[in-house]
1. Which one, B:52, B:106, B:161, is farthest towards the positive end of the dipole of chain B when Lys and Arg carry +1 and Asp and Glu -1 on their Cβ?
2. Of the residues B:127, B:42, B:168, which exhibits the maximal mean-square fluctuation in a Gaussian network model of chain B defined by a 10 Å Cα contact cut-off?
3. Toward the positive end of the charge dipole of the range A:67-202, about the Cα centre and with charges on Cβ (Lys, Arg +1; Asp, Glu -1), which of A:182, A:76, A:200 goes farthest?
4. Taking the Cβ of residue A:183 as the center, what net charge do the other residues with Cβ under 10 Å away carry, scoring Lys and Arg +1 and Asp and Glu -1?
5. Please average, across the residues of B:166-176, the number of beta carbons from any other chain that are within 10 Å of each residue's own beta carbon, and give a whole number.
6. Placing a label point 7 Å from Cα toward Cβ, how far apart in nm is residue B:61 from its equivalents in the other copies, listed shortest first to one decimal?
7. Roughly how big is the protein assembly as shown's charge dipole about its Cα centre, with Cβ charges of +1 (Lys, Arg) and -1 (Asp, Glu), in debye to the nearest 20?
8. Quick check: at a probe of 1.4 Å, how many percent of the accessible area of the range B:68-207 sits on carbon and sulfur atoms?
There are 2 protein chains.
Amino acid sequence: MSRANAGTKGVPRADRELQIVRAACEVFGTVGFAKASVAGIAADAGISKPLVYQYFGSKEGLFLASFNYGAETLAAEMERVAADDSVGLERGLRTLDGLFRTLEPQPWLWRLLFDPSAPDDGEVAAARAVYTDRITRLAVEGVGELMRLVGDDDPLDASALTAVWMSAVDALITWWLDHPEVTPTQMTERCHRLIAALSGAALPAHLMVDLGAG
Amino acid sequence: MSRANAGTKGVPRADRELQIVRAACEVFGTVGFAKASVAGIAADAGISKPLVYQYFGSKEGLFLASFNYGAETLAAEMERVAADDSVGLERGLRTLDGLFRTLEPQPWLWRLLFDPSAPDDGEVAAARAVYTDRITRLAVEGVGELMRLVGDDDPLDASALTAVWMSAVDALITWWLDHPEVTPTQMTERCHRLIAALSGAALPAHLMVDLGAG
DNA sequence: CTGAGGTAACTTACTCCAAGGTCATATCTC
DNA sequence: GAGATATGACCTTGGAGTAAGTTACCTCAG
């Protein structure tokens, strides 16, 4: 063959696209949009750069496809949990549990969702807005229930606590990725203990109880 | 004058460096290392690109100087608070209060500290390690006290809670930057309420008390 | 059955550009 | 003149994006 395997009619477009998107998810989610190179992703997927451009149009187009793939996976899982009837911190803990399990085989999807180096205009921004809305809606809802539970009705408090909650989820997942020997189940148990610890520490001394640290 | 103000012996090196570093802090802290352009920073500082290279050697050198400037400011403030005798969440809240006040005139310093697009090797990595150690040490210490308070002695729990705490601080500061009309004092009060809310929500119902949502 | 043309899959070898970095030189003070 | 401050114009490079050509499968007329 004069040229590698040029012209191999081989793989149907849909299959190839999925294969490229999966490779792209891992690269974008690991090094971020800005540092990722299209040529590198093509190499990872085992094909050449122009094929990527033929199928996705641009680096941004490729990112968009990858983002949608990953965001849909995660948003769907969070909505599944939200459909349960748990409230307050219990609901938060179940969401975390679901995320740990979903992310186990493809942890980089999480970083893909919040990539700060991704373009902040055009179609990517629109897609991010869609998924951010979907996900934030769930967080806002959960935090709202919690605030009602404790009698705080300041909307800015709710907004700030939503930010803190989402950030805490991020921190826990990131911490987990740095401790790969920990299983999803152990992580969920850990989250339960941490909540208990925070709660215990905030209590006036005369109300302190052992909320279980084992 | 044939060339703008070339050769103007004008500003002494030390002054010029500070001026450039301050401009660089704002740019690096706002758009991040990767997206920042040296020419742009030079323009912001009112001087030309080669002067930046003459004084700082490279984009990385300029970032290093900016990072040290910003990180020192913040680490010093956190250590100041840590020297007080508060413990547990009270200490956390005082740290937040100190950060809000320090960041009020130059909010971008915060993002500078945790810029994900900064180089992760060489002198920058070394400097980041130094300051990350200094700051993390304080968080670890504070979280350790808190865990002792509630009787959880799992070191991984402490490690994870430290990550969550630092992330929560980040979230609160970021939220604040998006709500510029809120004063540092109001933010500190808000943080008190949020802690109370979390604590209340985690309690078994029979122990629930009004921890004050106003 | 067969082979010519149509089309999808695929690659090599470019162009182009933004941004990092350098060089030679000019002007000021002492 | 020596040395510090300063700049316009240049060089260089990595990576996005493109042009043009190559190979393989499919279909359908004869």
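The values are calculated or read from the model by the stated rules, or taken from the named source; none is laboratory data. Since the model is a prediction, treat every value here as computed from it, not as a measurement. Every residue, glycine as well, gets a Cβ built from its backbone with ideal geometry; the counts of neighbours run over all protein chains shown. Quick note on the areas: whole protein, heavy atoms, side chains included, nothing else; ligands and nucleic acids left out. Shrake-Rupley method; radii C 1.70, N 1.55, O 1.52, S 1.80 Å.
1. B:52
2. Ranking B:127, B:42, B:168 by mean-square fluctuation puts B:168 first.
3. About the Cα centre, the residue reaching furthest to the positive side is A:182.
4. -2
5. Per-residue shielding by partner chains comes out at 5.
6. Result for residue B:61, in nm, nearest copy first: 4.3.
7. 1920 debye
8. Carbon plus sulfur share of accessible area: 57 percent.
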